[in-house]
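A.B. asks: Before I ask anything, here is the structure I am working with.
The values are calculated or read from the model by the stated rules, or taken from the named source; none is laboratory data. What you are looking at is a predicted structure, and each value in this text was computed from that prediction instead of being measured. Note that each Cβ is placed from the backbone with ideal geometry, even for glycine, and that neighbours are counted across all protein chains shown.
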Amino acid sequence: MRMNLKTLAQEVIKYDASDLHLKVGSPPIARVDGDLVYMEQLDPLRRKDIEEFLQLMAGENEVEKVKSGVESDFAYSFSDKLRFRVNAFLTRGEIAIVMRYLPSNIWSVEELNLPSVLHKFTEYLQGFVLVTGPVGSGKSTTLASLVDEVNAERQENIITIEDPVEFIHTPKQCSISQREVGSDTQTFASGLTSAFREDVDVLLVGEMRDFETMRTAVTAAETGHLVFSTLHTNSASQSINRIIDTYPARQQAQVRAQLAQSLKAIVAQRLIPRVDGGRVPAVEILIVNQAVGRLIREDKIYQIDTIIETHSRYGMVTMSHSLQQLVEAGTVDYETALRYAPDSEALRRLLSDKE
């Protein structure tokens, strides 16, 4: 079974896929350039296959746990170069598995086709840098690139708190501790609290899922640490509102003041299908300056989009302008850009103005 599972994993590499779906009664399914592709040359999977795959990767106890209705998240490696983030769950009483491929190499900002202004975000000595976007938008890959740059350029103590640990960082000039929720620490919040006693300089929080994690991360950014994290939000303004709305009403003025002081930048990204195959990131970038800080404190976050539009010379960019640049460069076609645009009419206007 290990050979069969490894063969499937190697198919993911051959397809240049991001994910592998294993379900009873269906052949394996790969996600390629954002679309699902059935591996119809392979036989449909049986219940026995799925259960044995899960047992091989996580053990018999995990199989029984999933059968009882408890989802399972973990990382699994076939070798140093073949590693996956795995989620197992029940669907109509049958176990299903989704495996996200975790490349062994960590790409630079340039290799990821991200704006060079992101290099600036690794130079901050303290504060909050958020990378946001929907599932599968490359948030973890971008964060790994930023942490790797810190690792190469600074001499500090980096602690990551992840569920599970995704990219493996080899120490360069920094000391790095990668902690996995569930095995190395109980929760994101407890790992964050513990980091304060571990001489930490730079923190990576894989995901801010709850109030306690957000509260602790904001405090860390405010008290002399550089904090990188992610949210499942689609824009900079939505990200700020999500954090504030998590707090009780009586504390929201306080957290607005904290964010105005500690938030440094937000990168909201989507992966867009390229004309020549593969995907390329489209990004919205907010860099927090005095004007943005004032809007956050005064609860005028709806005006932040205007700041982004009028401060492009400082490296800020709206998602519409990012998509416009990709279309004009011939990287993404017009209809695809419109499909991914948060405001398709605004993008149409931008493109028509250039004609």
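A.B. asks: Please enumerate the residues belonging to the stretch 1-34 that are surrounded by 19 or more Cβ atoms within 10 Å (Cβ to Cβ) and basic (Lys, Arg).
C.D. replies: Hit for the stretch 1-34 is ARG31, nothing else.
A.B. asks: Separate question: Please find, among THR193, THR223, the residue that is assigned by TED's automatic domain parsing to the domain that holds TYR302, among the β-branched types (Val, Ile, Thr), modelled with pLDDT under 90 and surrounded by fewer than 17 Cβ atoms within 10 Å (Cβ to Cβ).
C.D. replies: Working: THR193 fails: modelled with pLDDT under 90.
THR223 is the lone residue from the list that is assigned by TED's automatic domain parsing to the domain that holds TYR302, among the β-branched types (Val, Ile, Thr), modelled with pLDDT under 90 and surrounded by fewer than 17 Cβ atoms within 10 Å (Cβ to Cβ).
A.B. asks: Of all residues in the stretch 276-318, count the ones that are of a type in the set (A, V, I, L, M, F, W, C) and either under 17 Å from LEU118 (Cβ atoms) or modelled with pLDDT under 95 (or both). First the steps, then the outcome.
C.D. replies: As a first pass, look at the stretch 276-318 and keep what is of a type in the set (A, V, I, L, M, F, W, C): 280, 282-283, 285-288, 291-292, 295-296, 301, 304, 307-308, 316-317.
Still in the list and also either under 17 Å from LEU118 (Cβ atoms) or modelled with pLDDT under 95 (or both): 280, 282-283, 285-288, 308, 316-317.
Residues flagged as of a type in the set (A, V, I, L, M, F, W, C) and either under 17 Å from LEU118 (Cβ atoms) or modelled with pLDDT under 95 (or both) within the stretch 276-318 amount to 10.
A.B. asks: Between VAL150, VAL109, VAL165, which is of a type outside the set (Lys, Arg), closer than 21 Å to ALA217 by Cα, touching a Ser or Thr at 6+ places or on another chain (Cβ under 7 Å) and touching a residue at least 12 places away in the same chain (Cβ under 8 Å)?
C.D. replies: Going through VAL150, VAL109, VAL165 in turn, just one is of a type outside the set (Lys, Arg), closer than 21 Å to ALA217 by Cα, touching a Ser or Thr at 6+ places or on another chain (Cβ under 7 Å) and touching a residue at least 12 places away in the same chain (Cβ under 8 Å): VAL150.
A.B. asks: Anything in the stretch 276-303 that is in contact (Cβ under 8 Å) with a residue 60 or more places away in the chain and either farther than 21 Å from SER229 by Cα or surrounded by fewer than 23 Cβ atoms within 10 Å (Cβ to Cβ) (or both)? List them, or say none.
C.D. replies: The answer is GLY277, GLY278, ARG279, VAL280, PRO281, ILE287, ILE301, TYR302.
A.B. asks: Still on this model: Being touching a helix residue (DSSP H, G or I) at 6+ places or on another chain (Cβ under 8 Å) and buried (at least 16 other Cβ atoms within 10 Å of the Cβ) is the filter here, so list the residues in the stretch 174-190 that pass it.
C.D. replies: Correct list: CYS174, ILE176, ARG179, VAL181, THR185, THR187, PHE188, ALA189.
A.B. asks: Consider the stretch 119-159. How many of its residues are under 18 Å from SER104 (Cβ atoms) and small (Gly, Ala, Ser)?
C.D. replies: Number of matching residues: 5.
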